[in-house]
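The values are calculated or read from the model by the stated rules, or taken from the named source; none is laboratory data. Quantities reported herein were computed from a predicted structural model and do not represent experimental measurements. Quick reminder, even Gly has a Cβ in these numbers, built from the backbone with ideal geometry, and neighbours come from all protein chains shown. Please note that ligands, DNA and RNA were not included when accessible areas were found on the heavy atoms of the full protein model with its side chains. Shrake-Rupley method; radii C 1.70, N 1.55, O 1.52, S 1.80 Å.
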Amino acid sequence: MNLENLIKRIVDFREARDWKQFHNPKDLALSLVLESTEVLEHFQWKNGEELNKYAEEHKEEIGEELADVLYWVLLMGHDLNIDVLKALDKKQTKNEEKYPVEKSKGNHKKYNQL
């Protein structure tokens, strides 16, 4: 399935249920954050090998939460007329400039501290 078809499916799902009335930009952003925290919840209180084992054994559940995050990203991009793939490409170009390999390789510092 390509991205355009996926976005259409998401929008059609919402329209069939008459949910657009609830989907202002603030509430879409809030839903995105809430779903993101559900991804994070899978990793709370886990470290080291326990974390790796959990992630391996719960890929399907983590994948569902990641799908929920993507759902809100795509719906919000649609409603705000933002091409998220173009936005990601542009942002990645900025990141490549802010984090040149020679300064950032193996370094976790933020760009303004390199």
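For the chain, the residue among Trp45, Leu75, Leu88 whose Cα projects farthest onto the positive side of the dipole built from Cβ charges is Leu88. Just the protein heavy atoms count here, and of the accessible area of the chain at 1.4 Å, carbon and sulfur take up 55 percent. Loop-located trypsin sites (Lys or Arg not before Pro) across segment 33-111 with a Cβ neighbour count of 16 or fewer within 10 Å are Lys46, Lys105, Lys109, Lys110, with loop assigned by DSSP.
Measuring r between the beta carbons of Tyr99 and Asn24 and using R0 = 35 Å, the FRET efficiency lands at 0.55. If you take the square roots of the eigenvalues of the alpha-carbon gyration tensor of segment 28-73 and sort them as a ≥ b ≥ c, do you get rounded (a/c under 1.5), prolate (a/b over b/c) or oblate? It comes out oblate by the Cα gyration axes. Surface analysis of segment 52-114 yields an accessible area of 81 Å² per residue, using protein heavy atoms and a 1.4 Å probe. The stretch between Gln113 and Glu38 holds 23.9 nm of extra length on full extension. This uses 0.36 nm per residue minus the Cα-Cα distance. State which entries of Lys59/Lys86; Lys53/Lys86; Lys8/Lys86; Lys53/Lys91 exceed 25 angstrom in Cα-Cα distance in the structure shown. From Lys59/Lys86; Lys53/Lys86; Lys8/Lys86; Lys53/Lys91, over 25 Å: Lys59/Lys86; Lys53/Lys86; Lys53/Lys91.
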